[in-house]
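Student: Submitted below is the structure of interest, expressed as structure tokens.
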Amino acid sequence: MSENGVSFICLVGCRHNMRRVIFLALMLFVSIPVVTATDISSSEEHDDNGELSGNYTVKDGATWTVSGNYDVADETSIVVEEGSTMVISGSMNASSPPQLNLNTTSSVIVPVGDLGSSGTMRIVFAATVVYNITIEIGGNSTANVTGDQFDWTGNMDVDNITINISSNPFQTIGISEIILSPEGATPEMRTPDELSGEGISISIPDRAKAWSLDVQGTLIVTGSVFGAEISCSGTCTLDGAVMTSTSPIDVTGSISVTDSTFSHVQTDEDIIAWDNASVTWINSTGTGGETDNWVKVLTTRTIGVQNGYVGFYGYEMGYSSSNTSLLGDNNTFDAANMGDNIIEIGHSKRDRMVSWQDGDGVLHTESASGKIILSTPWGIYEHVISDLPKVNHFDVELDLPQLSFDSLIASEDENDVNSRLGVMATITNSGNAAANILLDCTANGSDANVGTTVPYPVAAGETIEIPMNWDSAAEGDFALECSIFVPYQFYGFEIVNANSGTATTESVSWSEAEDNSNNLFIPIAIGIVVAIIIYVMVARKKLNQEMLKEHLTEITETEEDDDETGTIE
């Protein structure tokens, strides 16, 4: 390349805002209208070509029509008040030179147009590349690229050159321009709006300086808009509009898009409709790819429950069909919201995204469900939400027991101390869930021993009787008072009837058993006499039997002796 050619490349590459310089230079010779900020109080039309700069307010009742082609200076602000209208039938484009932003993996197509058999292509970055990136062109990769620019030399006798760039998410990579310098020919520049590809978007270099359009009234766009941040709380109509790098349009009112085109937005959505905002999309083209035509997002997503012990599980929520872990009251740990009985169930925008139309124009709606749960000593209570409401807030109530203490009856009105007295408790559950309950009983100012240590199951709609054995170690007239023990997990719930949660027996007289030992003398004496008589009778009978036996023995011996006496012959 000639020395002059090299010098020219340096001039363009080192001062890649030359177009801006040339534009400013031309202003010295050409009178271009510059419309300064003002209030638009009556209907008017700007049909010239020029620049808009500053802060504008279209007042109630006025209509501002921009039918000319205008550059809009950085940080220009336009407010369309309620009751007013703005019509853009010409063009309103950010005056800052655009840059081409790259995703972590991007493919940039550079139109070459058969400039020559060989030459140098210079990629001029919008900001210094600090972290290493990889650039692949024509099958040859260069790793660890940093700095302000990158040069490649090769064949330019082609229609297009494709540049594949891989970077990391720690930095935003932007291209301000590409310079093609064919050998022996005049260099040519390709601006971001002349480049195409995948994983790219066109924007102004500093989004903080983008011009803004706040529509509280009515906006009608039939022309083109570049580099604006648009919010629409009123009514926005895009009919045949060309919207480039408009960031996502934030809609809290309504928007209608017909025969229009979006390209190079800053996020994954061309339009974000918040809460109850409405979107109509007819025969229009979005940025495409991973960028959705529009999404509907809830600004908040919360559930109201009865107390802080109730938890929530979510299933297939939002854009990513996410499942949640157990979420509880004040799960953001914001001290200002402690004890508000509100569960936040959508922490990210994706979790709060309830419907969307993707880049292919296919409509999607989340199929989310949920479950609230309360774990208690009485049991685990659950409520399934088969179709999670697509609203900012809703309240949920659990099906729980509803208990009443019907009666407490003692079997006697007096009893001995340290001996058992039968008592019958009757309890009704008129609620929609079962419970395993325990009773707390007191008498004489302290805990009463009623012989119950296990929980008693009572089903929904059931009345049960609980037998108890009450004893007292102290004398006196006492009543037994029993109540249903309510675990702390039910704080805030009225699960025991306030007027019948406690029952009391009639007063029972407790006393020591009487000592009746003196009254036993006569029975004992009689017993002794009877015993003596019986003893004497038994002894006499025995004596008679012995005497009879001896007499019989003597008779027998006499007879034997007589038999032995006789005459000797």
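Student: Could you list, in sequence order, all residues of region 244-261 that are on the phi < 0 side of the Ramachandran plot and either assigned to a loop (DSSP other than H, G, I, E, B) or modelled with pLDDT under 95 (or both)?
Tutor: Going through region 244-261, the residues on the phi < 0 side of the Ramachandran plot turn out to be 244, 246, 248-258, 260-261.
Within region 244-261, Thr244, Thr246, Pro248, Thr252, Gly253, Ser260 qualify.
Student: Further, regarding this structure: Output the residues belonging to region 134-188 that are over 17 Å from Asp114 (Cα atoms) and charged (D, E, K, R). Spell out the reasoning first.
Tutor: As a first pass, look at region 134-188 and keep what is over 17 Å from Asp114 (Cα atoms): 134-136, 139-151, 164-177.
Answer for region 134-188, where residues must be over 17 Å from Asp114 (Cα atoms) and charged (D, E, K, R): Glu136, Asp148, Asp151, Glu177.
Student: Only one residue in Asp360, Asp275 is surrounded by fewer than 20 Cβ atoms within 10 Å (Cβ to Cβ) and under 17 Å from the mean Cα position of the chain (by Cα). Which one?
Tutor: Working: Asp360 fails: under 17 Å from the mean Cα position of the chain (by Cα).
Among Asp360, Asp275, only Asp275 is surrounded by fewer than 20 Cβ atoms within 10 Å (Cβ to Cβ) and under 17 Å from the mean Cα position of the chain (by Cα).
Student: Next up: Exactly one of (1) crowded, with 17+ Cβ neighbours inside 10 Å; (2) in contact with an Asp or Glu (Cβ under 9 Å, 6 or more places away or on another chain) is unmet by Ser254. Its number?
Tutor: Answer for Ser254: the failing condition is (2).
Student: So in region 499-514, with the set limited to residues that are in a loop (DSSP other than H, G, I, E, B), polar (S, T, N, Q) and farther than 13 Å from Ser407 by Cβ, which one is modelled with the highest pLDDT? Give the derivation first.
Tutor: Taking region 499-514 as the starting set, the residues that turn out to be in a loop (DSSP other than H, G, I, E, B) are 499-501, 505-507, 512-514.
Of the ones still in play, those that are also polar (S, T, N, Q) are 499-500, 505, 507.
Cutting the leftovers down to farther than 13 Å from Ser407 by Cβ gives us 499, 507.
On the way: Asn499: 85, Ser507: 95.
Residue satisfying both the conditions and the ranking: Ser507.
Student: So, one more: Being crowded, with 18+ Cβ neighbours inside 10 Å, in contact with a Leu (Cβ under 7 Å, 6 or more places away or on another chain), assigned to a loop (DSSP other than H, G, I, E, B) and modelled with pLDDT of 90 or more: is that true of Tyr319 here? Break it down stepwise before answering.
Tutor: On the way: crowded, with 18+ Cβ neighbours inside 10 Å: yes; in contact with a Leu (Cβ under 7 Å, 6 or more places away or on another chain): no; assigned to a loop (DSSP other than H, G, I, E, B): yes; modelled with pLDDT of 90 or more: yes.
No: the conditions fail for Tyr319.
Student: Let me ask another. For region 211-243, what are the residues that are surrounded by fewer than 22 Cβ atoms within 10 Å (Cβ to Cβ), of a type outside the set (Ser, Thr, Tyr), touching a residue at least 40 places away in the same chain (Cβ under 8 Å) and in a loop (DSSP other than H, G, I, E, B)?
Tutor: Once the filter is applied, which keeps residues that are surrounded by fewer than 22 Cβ atoms within 10 Å (Cβ to Cβ), of a type outside the set (Ser, Thr, Tyr), touching a residue at least 40 places away in the same chain (Cβ under 8 Å) and in a loop (DSSP other than H, G, I, E, B), region 211-243 yields Gln216, Gly223.
Student: Another one. Hey, can you tell me all the residues within region 461-514 that are farther than 30 Å from Glu397 by Cα and in contact with a Pro (Cβ under 8 Å, 6 or more places away or on another chain)?
Tutor: none
Student: Among the residues of region 480-492, what is the count of those that are surrounded by fewer than 20 Cβ atoms within 10 Å (Cβ to Cβ) and over 15 Å from Tyr456 (Cβ atoms)?
Tutor: 5
Student: May I ask you to say which residue of Tyr309, Tyr313 is in a loop (DSSP other than H, G, I, E, B), in contact with a strand residue (DSSP E or B) (Cβ under 9 Å, 6 or more places away or on another chain) and touching a residue at least 40 places away in the same chain (Cβ under 8 Å)? If you could, list the steps in order and put the result at the bottom.
Tutor: Values: Tyr313 fails: in a loop (DSSP other than H, G, I, E, B).
Criteria check complete, one pass: Tyr309.
Student: Here's a follow-up. Answer yes if at least one residue in region 410-430 is over 29 Å from Ala459 (Cβ atoms) and under 28 Å from the mean Cα position of the chain (by Cα), and no otherwise.
Tutor: no
Student: Among the strands (runs of 3 or more DSSP E) contained in region 1-80, which hold 2 or more residues that are at pLDDT 50 or above and within 25 Å of Ala208 (Cα to Cα)? Spell out the reasoning first.
Tutor: On the way: elements: 34-36, 44-46, 50-53, 55-58, 63-66, 69-72, 77-80.
In region 1-80, 34-36, 50-53, 55-58, 69-72, 77-80 are the strands (runs of 3 or more DSSP E) which contain 2 or more residues that are at pLDDT 50 or above and within 25 Å of Ala208 (Cα to Cα).
Student: Also, quick follow-up: Give me a count of the residues in region 262-306 that are part of a loop (DSSP other than H, G, I, E, B) and touching a residue at least 60 places away in the same chain (Cβ under 8 Å). Full working, then the answer.
Tutor: Of the residues in region 262-306, the ones part of a loop (DSSP other than H, G, I, E, B) are 264-268, 275-277, 283-284, 286-291, 298-301, 305-306.
Restricting the remaining residues to those that are touching a residue at least 60 places away in the same chain (Cβ under 8 Å) gives 264-266, 275, 286-291, 298-301, 305-306.
Within region 262-306, residues that are part of a loop (DSSP other than H, G, I, E, B) and touching a residue at least 60 places away in the same chain (Cβ under 8 Å) number 16.
Student: Could you tell me which numbered condition Val458 fails, if it satisfies all but one of (1) out of contact with any Pro (no Cβ under 8 Å at 6 or more places or on another chain); (2) closer than 21 Å to Glu397 by Cβ?
Tutor: (1)
Student: What is the one condition in (1) more than 41 Å from the chain's Cα centre (by Cα); (2) part of a loop (DSSP other than H, G, I, E, B) that Ser181 does not satisfy?
Tutor: Result: Ser181 passes all but (2).
Student: I've got another one for you. Among the residues of region 477-498, are any on the phi < 0 side of the Ramachandran plot, modelled with pLDDT under 85 and not in a strand (DSSP E or B)? Before the answer, list the steps.
Tutor: In the first step, residues of region 477-498 are kept if they are on the phi < 0 side of the Ramachandran plot; the result is 477-491, 493-498.
Remaining after also requiring modelled with pLDDT under 85: 498.
Add one more test, that the residue is not in a strand (DSSP E or B), and what stays is 498.
Within region 477-498, one or more residues are on the phi < 0 side of the Ramachandran plot, modelled with pLDDT under 85 and not in a strand (DSSP E or B).
Student: Any residue that is over 17 Å from Val221 (Cα atoms), surrounded by 15 or more Cβ atoms within 10 Å (Cβ to Cβ) and of a type outside the set (S, T, N, Q) - is there at least one of those in region 55-63? If you could, list the steps in order and put the result at the bottom.
Tutor: Step one: filter region 55-63 for residues over 17 Å from Val221 (Cα atoms), giving 55-57, 59-61.
So of that shortlist, the ones also surrounded by 15 or more Cβ atoms within 10 Å (Cβ to Cβ) come out as 56-57, 59.
Those still in the list that are of a type outside the set (S, T, N, Q) too: 56, 59.
Yes: one or more hits.
Student: Related question: Could you count how many residues in region 441-464 are surrounded by 15 or more Cβ atoms within 10 Å (Cβ to Cβ) and either touching a Phe, Trp or Tyr at 6+ places or on another chain (Cβ under 9 Å) or assigned to a loop (DSSP other than H, G, I, E, B) (or both)?
Tutor: The total comes to 10.
Student: Further, regarding this structure: Among the residues of region 79-110, how many are more than 30 Å from Ile173 (Cα to Cα) and of a type in the set (A, V, I, L, M)?
Tutor: Narrowing region 79-110 to residues more than 30 Å from Ile173 (Cα to Cα): 79-90.
Next, only the ones that are of a type in the set (A, V, I, L, M) stay: 79-80, 86-88.
Number of matching residues: 5.
Student: Something else now. Name every residue in region 161-176 that is modelled with pLDDT of 95 or more and not β-branched (Val, Ile, Thr), in order of residue number.
Tutor: Asn164
Student: Is there a residue in region 412-422 that is small (Gly, Ala, Ser), within 30 Å of Glu475 (Cα to Cα) and not in a loop (DSSP other than H, G, I, E, B)?
Tutor: To start, the set of residues in region 412-422 that are small (Gly, Ala, Ser) comprises 419, 422.
Next, from what is left, pick out any that are within 30 Å of Glu475 (Cα to Cα): 419, 422.
Retained after the next criterion (residues that are not in a loop (DSSP other than H, G, I, E, B)): 422.
Yes, the conditions are met somewhere in region 412-422.
This table checks each residue for (1) of a type in the set (Phe, Trp, Tyr); (2) within 25 Å of the chain's Cα centre (by Cα).
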residue	(1), (2)
Leu219	no, no
Ser245	no, no
Gln266	no, no
Trp281	yes, no
Leu298	no, yes
Ile303	no, yes
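The values are calculated or read from the model by the stated rules, or taken from the named source; none is laboratory data. All values reported here derive from a predicted model rather than from experimental measurement. Every residue, glycine among them, receives a Cβ derived from its backbone with ideal geometry; neighbour counts consider all protein chains shown.
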